[in-house]
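Asks: The following block contains the structure, expressed as C-alpha cells.
The values are calculated or read from the model by the stated rules, or taken from the named source; none is laboratory data. Please read all numbers here as calculations on a predicted model, not as lab measurements. Cβ coordinates were reconstructed from backbone atoms using ideal geometry, including for glycine residues, and neighbour counts include every protein chain displayed. Calculation scope for accessible area: heavy atoms of the full protein, side chains included, ligands and nucleic acids excluded. Shrake-Rupley method; radii C 1.70, N 1.55, O 1.52, S 1.80 Å.
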Amino acid sequence: MITEATKQRFAREVAKYPADQKQSAVMACLSIVQQEQGWVSAESEAVIAEYLGMPQIAVHEVTTFYNMYNQQPVGKYKLAVCTNLPCQLRRGQDALHHLEKKLGISMGETTADGLFTLQQCECLGACADAPVMLVNDRNMCSFMDDDKLDQMVDGLRAAEGKQ
Ligand code: FES
C-alpha cells in the first residue's frame, strides 16, 4: 500500500522535472517503493502510473528492464554478483558459485530464513575491482575473494543473531 507519506516523496522527485514531464520521475518513484516495501508489486506500479499520468504497462516496462527492481519479495540482504565478461575473467562467476554453496541456494533464490537473496547482475562499473557485488542495491563490495565473501555472510548472519 502506498501511503500519503510515500506520495510526498514522489512529489519531491516530480518537482525536479518540468510540469509536463513528470513521467521522468518513474525510476525514482520505483526506487522509493522498493526502499519502503522491499519490492515493486503490480499494485504499486498501478499507483505510480496513476500518480505520474502514464500507462501502467509503461511503468512495468521500466521495472522489468532494470534488474535492480525486485519484482517479488527478496531476502533482507540482496546479494548481486556481477557476472559480466570482464568480471568473469576475474573470478566473478566463481564468487557467485561460492555464495551458492555457502548459502545453500541457487542464483535467483532466497534462503529459507529469509535473510539472503542471491542474484547475478550486469556491469557495476568497477570491473577492475572484480569480483564485485552490490548489497541491497546500495553498498558496493570490491575484490570479493572467497574469504571476504565468507566474512561478509558470517558477519551479516551474526548481526542477525543467526550464527
Ligand atoms: S563487468 Fe563486472 S563490474 Fe564491470
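Asks: Does residue 101 satisfy the condition of being assigned to a strand (DSSP E or B) and either farther than 19 Å from residue 138 by Cα or modelled with pLDDT of 95 or more (or both)? Write out each step before concluding.
Replies: Numbers: assigned to a strand (DSSP E or B): no; either farther than 19 Å from residue 138 by Cα or modelled with pLDDT of 95 or more (or both): yes.
Answer is no for this residue.
Asks: Select from segment 90-102 the residues that are farther than 26 Å from residue 40 by Cα and more than 9 Å from the ligand (Cβ to nearest atom) and list them in ascending order. Spell out how you get there, then give the answer.
Replies: Going residue by residue through segment 90-102, those that are farther than 26 Å from residue 40 by Cα are 90-95, 97-98, 101-102.
The answer is 91, 93, 94, 95, 97, 98, 101, 102.
Asks: Also, quick follow-up: Give me the residue from segment 61-88 that is open to solvent by 70 Å² or more (accessible area, probe 1.4 Å), away from the ligand (no atom under 14 Å from the Cβ) and not in a loop (DSSP other than H, G, I, E, B) and, out of that set, farthest from residue 128 (Cα to Cα).
Replies: 61
Asks: So, of the residues in segment 103-138 that are out of contact with any strand residue (DSSP E or B) (no Cβ under 9 Å at 6 or more places or on another chain) and within 20 Å of residue 160 (Cβ to Cβ), which turns out to be nearest to the ligand (Cβ to nearest atom)?
Replies: Result: 138.
Asks: Right, here's the next one. What tally of residues in segment 106-155 results from selecting those that are hydroxyl-bearing (Ser, Thr, Tyr), open to solvent by 40 Å² or more (accessible area, probe 1.4 Å) and over 14 Å from residue 78 (Cβ atoms)?
Replies: From segment 106-155, those hydroxyl-bearing (Ser, Thr, Tyr) are 106, 110-111, 117, 142; that's our starting set.
In the following step, the residues that additionally are open to solvent by 40 Å² or more (accessible area, probe 1.4 Å) were identified as 106, 110.
From what is left, the residues that are over 14 Å from residue 78 (Cβ atoms) are 106.
Looking only at that region, the number is 1.
Asks: Which members of segment 1-33 meet the condition of being modelled with pLDDT under 95 and closer than 17 Å to residue 62 by Cβ?
Replies: 2
Asks: Continuing with the same structure: Counting only residues that are touching a residue at least 24 places away in the same chain (Cβ under 8 Å) and β-branched (Val, Ile, Thr), how many does segment 50-77 have? Walk me through how you get there before you give the answer.
Replies: Taking segment 50-77 first, the residues touching a residue at least 24 places away in the same chain (Cβ under 8 Å) are 51-54, 58-59, 62-63, 66-77.
Going one step further and asking which of them are β-branched (Val, Ile, Thr), we end up with 59, 62-63, 74.
Going through segment 50-77 one residue at a time, the tally reaches 4.
Asks: If you don't mind, there's one more thing I want to ask. Out of all the residues in segment 49-59, is one or more within 16 Å of the ligand (Cβ to nearest atom) and either modelled with pLDDT of 95 or more or not assigned by TED's automatic domain parsing to the domain that holds residue 20 (or both)? Write out each step before concluding.
Replies: Going residue by residue through segment 49-59, those that are within 16 Å of the ligand (Cβ to nearest atom) are none.
Looking through segment 49-59, none of the residues is within 16 Å of the ligand (Cβ to nearest atom) and either modelled with pLDDT of 95 or more or not assigned by TED's automatic domain parsing to the domain that holds residue 20 (or both).
Asks: Could you please tell me which pairs satisfy a Cβ distance under 7 Å, a separation of 6+ or placement on different chains, a first residue in segment 32-44 that is free of Cβ contacts under 8 Å to residues at least 12 places away in the same chain, and a second residue that is open to solvent by less than 70 Å² (accessible area, probe 1.4 Å)?
Replies: Between residues of segment 32-44 that are free of Cβ contacts under 8 Å to residues at least 12 places away in the same chain and residues that are open to solvent by less than 70 Å² (accessible area, probe 1.4 Å), the close pairs are 37/44.
Asks: For residue 17, only one of the following conditions fails: (1) of a type in the set (Phe, Trp, Tyr); (2) closer than 26 Å to residue 120 by Cβ; (3) open to solvent by 80 Å² or more (accessible area, probe 1.4 Å). What is its number?
Replies: That leaves (2) as the condition not met.
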